[in-house]
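Just below is one structure, and these are the notes that go with it.
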Amino acid sequence: MLRSHTSLRRTFLIVTAVLLCIIVPFSLLSSAPFKHLNGWLTSSATPELAIPASAPEVQGTYDWATRSSFDPVRQLDAANKSIEELCASFPTHLLDEIQPVLKTGHGVVDSRVKLQLQSVSACLSNLLIFSDKDEQFGGHDIIDVIADLRKNFTDSHPDLGAWRNGSIARGDATRKQGWVTDKFKFLPAISRAWRMRPNRRWYVFYEADTYIVWDNVFRLLENFDPDELQYFGSPSPGAPGEWFANGGPGYIISRGAMRRLVEDDWNHETGAYLGSKLMESNFDFVASDCCGDSTLGAVLLKHGIVLKGLFPMFTVHNPNGIPFADKHWCQPILTMHKPQEEDALGLWRWEWEHRELRRPLVYRDLATSYIDFGNLDAREDWNNMKNDRFPAEVPGDSSTEDPHESFDACGRACKAHHDCWQWNYHIRKCHFVRALRWGLHEEPGLAKFESNEGAEYALEEWNIEDLRFRAGWDTEKITRWMDERPCGLDDVRWVTPSNKRIF
């Protein structure tokens, strides 16, 4: 019996020793820091990836006290100053930790990128511009990130045909060809941004038609930990139960999240760059989907990085389409999408004159100062009824003025209606609008909703004057509403992340 116990004990010790010889070295290897991983001298291997369970959302606001980093904070007469004079007060020291990444396409370099370099991106000394063609423009190197992929990938899909045959580079690709090519840039842009500028605290990815209020972005980011898994943007629905950041308003990814995404791009022992494994491992998924921003969101989620939606601070609207109301009023503006050319330039210079030290720029500032709703005059060839419109009622008796009789009659009826803030008179019809929107120029013709309703069959009934869009605003009603909502320093609403509060 004793010999049997001794034998069992010896066997147990041998097995234990063998297991320790296997487990301990493997454990030491898996926890060893990367040797040369392009700045990752203290990073450890990422644990097995898992999609985290959704936490209950608490929709509210942060009680932050923020300060502008611009010096001086405000520049008077900014409209008449040179870009160099304005940029002299830009806090360029923050760009050591915040990396702007502008994604574009060759077809819009002479238009949208040119506009960016005259406005939103004018002061960015470290700007990275990623595209579908290598070129130089405005003193910047534009990098083709699709070319970062190995040839067996770029040769394998028809959506890259215009890129392969040179149509993109020559500038004769169709708009659709440029659009289907665009989705192949998102993941390589992540890899290339880290490869060129590793270990930045934050990476701000945006499009050539994105408007960014950098002062507010800087204020926001100083309140978050860049080494946590952060992914900020305006939520759009993806697969059932999933959300991604809409690419138009841009998105921000933290250092911690970037490290996790590009981990397989590098040999952990030698530090050698292996290519965008992030893209290669997801190429078929990207190629089968419509859009790069949605596939990026899905890949981030697969890596355990969940979108933190910050709508309406990131918004898909431009100044012409913002639905000004309590949900778009005391909230700081981080980004907007597709501003008109005159607004991209004008708003950027307006910002310099209206920046404040302790209070961020909020939506109310656009409404009361830049657009100045309280002093808007009636406009011709202006459509302010694209959303939230409803037809004015036809009076039931002949003693009441018919609002459809004329533009002026339409305006008088709007001012008498409790739910009408602005109106539009078009093809002899009076439309009330229950939202506060600026609208935009539109040539005489049919509105899209009118075409959908079959109005084109009666075009012969209307002359050129009938087809003109005539817009008006109830400035007295609007001014009272704005005055009741002053948005003082204590009223600023830095919203907490939510994927339920969406566009």
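The values are calculated or read from the model by the stated rules, or taken from the named source; none is laboratory data. Everything numeric in this text was worked out from a predicted model, so none of it was measured. Note: ideal-geometry Cβ built from the backbone for every residue, glycine included; neighbour counts use all protein chains shown. Side chains are part of the model used for accessible areas, which takes the heavy atoms of the whole protein and leaves out ligands, DNA and RNA. Shrake-Rupley method; radii C 1.70, N 1.55, O 1.52, S 1.80 Å.
What the table shows:
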quantity	calculated
Scope the stretch 282-303; condition part of a loop (DSSP other than H, G, I, E, B) and touching a helix residue (DSSP H, G or I) at 6+ places or on another chain (Cβ under 7 Å); matching residues	282, 289, 303
Looking only at the stretch 351-407, and only at residues there that are polar (S, T, N, Q) and at pLDDT below 95, the one that is farthest from residue 489 (Cα to Cα)	398
Any hit, the stretch 154-169, residues being closer than 28 Å to residue 311 by Cα, assigned to a helix (DSSP H, G or I) and not basic (Lys, Arg)	no
Neighbours by Cβ (under 6 Å, 6+ apart or cross-chain): first from the stretch 142-158, closer than 17 Å to residue 190 by Cβ; second assigned to a loop (DSSP other than H, G, I, E, B) and open to solvent by less than 70 Å² (accessible area, probe 1.4 Å)	144/132; 144/133; 145/185; 146/132; 146/184; 148/276
Per-region count, the stretch 73-114, residues open to solvent by 70 Å² or more (accessible area, probe 1.4 Å) and either within 30 Å of residue 178 (Cα to Cα) or part of a loop (DSSP other than H, G, I, E, B) (or both)	9
Criterion (more than 30 Å from residue 310 (Cα to Cα) and in contact (Cβ under 8 Å) with a residue 12 or more places away in the chain) met by exactly one of 391, 395, 497	391
Qualifying residue in the stretch 350-357 (condition: among the aliphatic types (A, V, I, L, M) and either under 24 Å from residue 422 (Cβ atoms) or assigned to a strand (DSSP E or B) (or both))	no
Residue 238 vs. criteria small (Gly, Ala, Ser), closer than 18 Å to residue 133 by Cα, out of contact with any Cys (no Cβ under 8 Å at 6 or more places or on another chain) and surrounded by fewer than 20 Cβ atoms within 10 Å (Cβ to Cβ)	no
Residue match in the stretch 163-178 (condition: crowded, with 21+ Cβ neighbours inside 10 Å and more than 21 Å from residue 209 (Cα to Cα))	yes
Where residue 129 falls short, out of the listed (1) among the aliphatic types (A, V, I, L, M); (2) touching an Asp or Glu at 6+ places or on another chain (Cβ under 8 Å); (3) part of a loop (DSSP other than H, G, I, E, B); (4) closer than 18 Å to residue 214 by Cα	(3)
Residue selected from the stretch 115-146 under the condition on the phi < 0 side of the Ramachandran plot and among the small types (Gly, Ala, Ser), by the criterion most open to solvent (accessible area, probe 1.4 Å)	125
Checklist (1) at pLDDT 95 or above; (2) open to solvent by less than 30 Å² (accessible area, probe 1.4 Å); (3) out of contact with any strand residue (DSSP E or B) (no Cβ under 7 Å at 6 or more places or on another chain) applied to residue 154, failing item	(1)
Of residues in the stretch 459-478 being of a type in the set (Val, Ile, Thr) and touching a residue at least 24 places away in the same chain (Cβ under 8 Å), the one surrounded by the fewest Cβ atoms within 10 Å (Cβ to Cβ)	475
Number of the condition not met by residue 257 [criteria: (1) surrounded by fewer than 20 Cβ atoms within 10 Å (Cβ to Cβ); (2) in a helix (DSSP H, G or I); (3) among the small types (Gly, Ala, Ser)]	(1)
Among the candidates 425, 370, 363, residue that is more than 30 Å from residue 66 (Cα to Cα), of a type in the set (Ser, Thr, Tyr) and open to solvent by less than 60 Å² (accessible area, probe 1.4 Å)	425
Output for the stretch 322-354, where each listed residue is closer than 16 Å to residue 68 by Cβ, open to solvent by 30 Å² or more (accessible area, probe 1.4 Å) and in contact with a Phe, Trp or Tyr (Cβ under 9 Å, 6 or more places away or on another chain)	354
Qualifying residue in the stretch 479-501 (condition: open to solvent by 60 Å² or more (accessible area, probe 1.4 Å), touching a strand residue (DSSP E or B) at 6+ places or on another chain (Cβ under 9 Å), part of a helix (DSSP H, G or I) and at pLDDT 95 or above)	yes
Search result, residues across the stretch 308-319 that are assigned to a loop (DSSP other than H, G, I, E, B) and open to solvent by less than 10 Å² (accessible area, probe 1.4 Å)	310, 312, 313, 315, 319
Any hit, the stretch 262-273, residues being assigned to a strand (DSSP E or B) and either touching a His at 6+ places or on another chain (Cβ under 9 Å) or open to solvent by less than 30 Å² (accessible area, probe 1.4 Å) (or both)	yes
Number of the exception - residue 119 against (1) among the hydroxyl-bearing types (Ser, Thr, Tyr); (2) out of contact with any strand residue (DSSP E or B) (no Cβ under 7 Å at 6 or more places or on another chain); (3) over 30 Å from residue 493 (Cβ atoms)	(3)
Check on residue 246, crowded, with 23+ Cβ neighbours inside 10 Å and either charged (D, E, K, R) or touching a Gly at 6+ places or on another chain (Cβ under 9 Å) (or both)	yes
